[in-house]
1. Name the residue, out of C:Asp90, C:Asp78, that is more than 11 Å from chain B (Cβ to nearest Cβ), more than 16 Å from C:Thr31 (Cβ to Cβ), under 15 Å from the mean Cα position of the chain (by Cα) and more than 16 Å from ligand 4 (Cβ to nearest atom).
2. I'm trying to understand the selection: among the residues of segment A:103-162, which are touching a Gly at 6+ places or on another chain (Cβ under 9 Å), of a type in the set (Gly, Ala, Ser) and more than 10 Å from chain B (Cβ to nearest Cβ)?
3. Pull up segment B:111-140, narrow it to residues that are more than 19 Å from C:Gln99 (Cα to Cα) and small (Gly, Ala, Ser), then point me to the one that is nearest to the other protein chains (Cβ to nearest Cβ).
4. Which residue pairs have Cβ atoms closer than 8 Å, lie 6 or more positions apart in sequence or on different chains, and pair a first residue in segment B:73-88 that is more than 7 Å from chain C (Cβ to nearest Cβ) with a second residue that is within 16 Å of ligand 4 (Cβ to nearest atom) and charged (D, E, K, R)?
5. Looking at (1) crowded, with 21+ Cβ neighbours inside 10 Å; (2) within 14 Å of chain B (Cβ to nearest Cβ); (3) not aliphatic (A, V, I, L, M), find the lone condition where A:Tyr182 falls short.
6. In segment A:1-99, which strands (runs of 3 or more DSSP E) lie fully inside it and hold 3 or more residues that are among the small types (Gly, Ala, Ser)?
7. Step by step: first the residues of segment C:20-36, then only those that are among the aliphatic types (A, V, I, L, M) and within 13 Å of another protein chain (Cβ to nearest Cβ), then the one that is surrounded by the fewest Cβ atoms within 10 Å (Cβ to Cβ). Which residue is that?
8. Tell me which residues, restricted to segment B:43-91, are part of a strand (DSSP E or B) and either within 16 Å of ligand 2 (Cβ to nearest atom) or farther than 14 Å from B:Val132 by Cβ (or both).
Amino acid sequence: MIDPSIGLPLPRVDGRAKVTGAAQYAAEFNQPNQVYAVVVNSTVGLGRIAAIDAAAATGMPGVVAILSHLNAPRLPYHEHRAFVDPAIGERLHVLQDDQVRFFGHPVAVVIAETLDQAEHAAAAMRISYAAETPVVRLDAPGAVMIVPDAARKPSGRTIADGVRGDPDAAFAQATHQIDATYDIAREHHNPMEPHATVALWDGDHLTLWSKSQFVVNEAIEIAAVFGVPAEQVLVICPFIGGAFGAALRTWSHVTLAALAARHVGRPVKLVLSRRQMFYAVGHRPRTVQRVALAAAPDGRLAAIIHEGTAETSRYEQYIDALTTASAFLYACPNVRTTYRLVPLDSSTPTFMRGPGEASGIVALECAMDELAVALAMDPIELRLRNEPTVNEQNGLPFSSRSMRACYALGAARFGWERRDPRPRSMHDGRLLIGWGMAAATYPSSRAPANARARILADGTAEVETAASDMGPGTYTSMTQVAADALELAPADVRIRIGRSDFPPTPPHGGSMTMASVGSAVQAACLAARALAGGTNYRDIIARRGGEPIVAAASSARGDEQRRFSMNAFGAVFAEVAVDPDLCTVRVRRAVGAYGAGRIINPRLARSQCTGGMVGGIGMALMEQTVVDTRDGRPVNASMADYLVPVNLDVGSLDALFVDEDDPYVNPLGAKGIGEIAIVGMAPAIANAVFHATGQRVRDFPIRIEALLST
Amino acid sequence: MAAGSAALGVADLPTDAAGPQTAEIELIVNGRSRRLELDTRTSLLDALREHLQLTGTKKGCNQGACGACTVLLDGRRVNSCLTLALMHDGAHITTVEGLARGDALHPVQAAFIEHDGFQCGYCTPGQIMSAVACIAEGHTGSDDEIRAWMSGNICRCGAYPGIVAAVAQAARAG
Amino acid sequence: MHPFSFHAAATEQEAIAEAAAGGRYIAGGTTLVDLMREEVERPRRLIDINRLPLRDVHVQDDGLVIGALARMSDVARDPATAQVQPLIVDALVEGASPQIRNMASIGGNLLQRVRCSYFRTLDAPCNKRTPGSGCSAIGGANSGHALFGTSVHCVATHPSDLAVALVALDAVILTRGPGGARRFPVEALYRMPGETPHLEHTLEPGEMIVEIRVPHGSYARRARYLKVRDRASYEFAVVSVAVAMDIDGGIVRDVRLAAGGVGTMPWRLRGSEAVLTGRQSGRAAWRDAAERAIDGAQPLVGNHFKVELLRRTVVRALEMVGGAA
Ligand SMILES: Cc1cc2nc3c(=O)[nH]c(=O)nc-3n(C[C@H](O)[C@H](O)[C@H](O)COP(=O)(O)OP(=O)(O)OC[C@H]3O[C@@H](n4cnc5c(N)ncnc54)[C@H](O)[C@@H]3O)c2cc1C
Ligand code: SF4
Ligand code: FES
Ligand code: FES
């Protein structure tokens, strides 16, 4: 009998590959006879291509071909819409016409023998435009607010308008009111690995080594674009150098790589430059949110009004659950949420870690802090007084909700009871110290997934599934799930993922990999074990003449979605030190306590949560894509100018998990932690900044500039 | 703003460079001599990744702003994206592929696994090379000193707590 | 990157001759390679000067001597430098990253080019890169740009931390070139943009920086470089202030002050020095000096906050060196 490995802090099974440089990322699948493609991007923010002069570039040494709308073949672009794609609108088509929809729109691709040659020729392309003036900010004069079409239906996770009770009347009558507007800047994911695709055609079969969190869909999408059967496209991506949502959709550069490879009849490698990572591979939309809260003197919430507005592109309506949590995080009889979009001449935003909630809960939780101040009440106490017993939005019970335990555990570890509630009351020498907290939540969902388990003659097993690992540790946690299901030691299990011809899975995002894929892996392994009729696999297979035992299985949603509100919850505590004169803010320490169901691997879960907290530090204090208001240019499109936290920005971080046994959420009882890890950190920091300084900054990020001018 | 880019910054394109635009050099990579015929423009990073197929060293920004491309150049940590390969004829380069001795991981590599000093792993080779140098430089007196001297390596996954713990442990052990 | 040919110079004479014939020096390459990749810089021929024996750092009777090819990290960890000119060590360690400091030379650091994002891309008008094309920053994103020394043609800040310290310390540059050897204050290396923002320094074609000399001064040992930024490390200064001060019996005898992140060149604060010299040290003096420092600031739409930040940074830097009482 082998001890179960679920719950053990195993080191990563792919750790060795990653620390020795053996782990291969998309751009590293160099092919024989490969050429290099470099994308040329528009230098205006809206308009038409007037002329392309490729003469100089064409004549340069090494240049193999140059494609633009003038000579590129018309591509079928068959209808295909995965659930990572916006429900409304049409994906960007490239090199099909002369339209420029946003600054950095891909307008040509240059293919040359070497990277240096391709880059140089790309720089020599002379393209002139008939430019128009784009609308690039959601508060610009010409910007028009719309109701997102897909969110009009009240059934989805994202709703345009939700109301219960009479929030406006309740707000007007309450003794304590907060009415504030929060503005969160556009952010770019900026994973360390840039997007990359190596494309190889063999007849009408295409292989793509391509950075993707959703290899199955990437194959289908590219097949649809090129009008070939999906089985003829194979996408391979064993490792992802971070993505945070940026590689969920299949963006236009994948099409360009495949197109270039077909055109020149050779394998093509296309890697986006860091600047190009700011053009057309998605971003967290800027949001402007009004939150109005009203409460009785005892802190009981009388009204919650949350009106969220987010930017999108003109050609697609990206939506997320920006205001959804405001309808159920607290008990309140009168709630109104609205969600609006402002289409801009920009590329389409996309999911970025904690999409929706990460931004929406900044507004809600900062407003709760403002309310606590207005009530002269401890912010935890205020939240405890408004703990709901069911999800008041839909009346469903929570499958589990450990919010109280999170407050208690987090507060104890943080030492919250030593907090002096008065702003500017805590010091360390000259520095102002602030302690702030926020609640967090993120839905736990799952989607159908498949896996195949194969028990081999040597008694070890192999599991295949099309899932991905962008860093949370899919390889490791699936190893644990499979090992336990098969009653094998983890060392005797190999997980193979990241190929579109493996059993299909949902996208690696939305914190549902463990719930969905894990359940499928477990099911496949249990099926294989059942087939074997025992666990003495070596003998069993020997008796079968060495024939491996293979079982495939899928996991689907049960009816849990209809019976329960399923969410992870958390409480995040942060300490900041603010220099009162220079207005620099440093996060000295933070504690996050999460109720996230079963934790498969505490070592990995901890890393994932502290990593999300680092993302929250970026969101609160640094990250913003600066857009030139004249033409939509992302001005700070480099790692030196788009600031994300460096090591010295991060103090000590602690992630704690409350024991939570949730029998309903999925067979593994795991709620997923990738998203909730970032939710709550930014508002906890902002609230700490207020506590330190007495200044309430509602525009994010809170930089020196903001604190100096508030 | 201008309607097109044609006139910007390229009016004065120089005529062709004087002299040869390729060169033959020798790099001693992880102890092994490698001869290469390279375009003068080739960065040390591209020489490793595209010519020697040593893809352990990563390209994160190609602008000196992330540290993913960190290698040891004659024992010192540098960003290989911002230097030209042919400036280092005869130099010793150590990459992440050159740290382990057979099956035995370098103590820094082992510590990174033990402390889970990474998630996606893309910044990791750069972090590890930087850590090896950081320890050799003696900049590991405290966690804050490690943080400061490891700040030339950005980790977007935010694995900093594990990185600091790993460097501290490897420094103690070494 | 535009194609170029390459030559590693074995001697200074050879390097200078090559450069006089149109070659471009390359030292650490951390500015040049970066900008060549963007095709903002397009040298036809590179002259690698790293073999030249210009790396020595030592102290002599009249001051500290730093070879132009010494690496930032070498100078930063040089014990003699730390002893006689701690301000320089401070400014170096606060700059860039350990890796870049291992590569970047002192001469190259002084000649690094602006970080204005419109300059660093070919597709935006920029007078510095393409004379006459216009300045994108003035009507665009300019929160990082300068308060002092700007013109209607360019408002970019000089990014070097080291240069701020050297200008404060009255350091001198030694050069050799086709026209012989020269020696002049570091401050005189820089030009303000005026009508000709594409001309950033006063070196003649082919002229090579060979050495920096930093005179001893009674103020040198009580010195600090205070760099203020949104990220704790690996970021250029939003605002920085270099202070070196000699206080004797509570009286400021001699003081050197310069600011970074605010000027189109390293910005010496002579007015503030005058305010301080001979004054009783302490808060009142610091405040007056800071008030004087922001005199004449010409903020742009996006960088008003830097005026107040500069004022506060000057006060703080003076407190750090001269005490907060
Ligand atoms: C991401 C990043 C962050 C940075 N952060 C900072 C920072 O915070 N603070 C800071 O101060 N700097 C910072 N830097 C800039 C860095 O310090 C400079 O790039 C570096 O100092 C330049 O030195 P180098 O030897 O590499 O110069 P090179 O790139 O080799 O040369 C720069 C220029 O100087 C010329 N040149 C070089 N040596 C000589 C010589 N001896 N005589 C005549 N001409 C010469 C070259 O022809 C070229 O025009 C940063 C750079 C990067 C990439
Ligand atoms: S500020 Fe100077 S460098 Fe920047 S765009 Fe204007 S002219 Fe160019
Ligand atoms: S790739 Fe070299 S520093 Fe980012
Ligand atoms: S581990 Fe992903 S960037 Fe560091």
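1. C:Asp90
2. Within segment A:103-162, A:Gly104, A:Ala112, A:Ala118, A:Ala121, A:Ala150 meet the criteria.
3. B:Gly121
4. Close Cβ pairs satisfying both conditions: B:Cys81/B:Lys59.
5. Here A:Tyr182 meets the rest and fails (2).
6. By residue number, A:47-53.
7. Step by step, filter segment C:20-36, then rank; the result is C:Ala21.
8. B:Ser43, B:Asn79, B:Leu84
The values are calculated or read from the model by the stated rules, or taken from the named source; none is laboratory data. Treat the numbers as computed from the prediction; the structure is a model and nothing was measured. Counting neighbours? That spans all protein chains shown, and the Cβs are built from the backbone with ideal geometry, glycine included.
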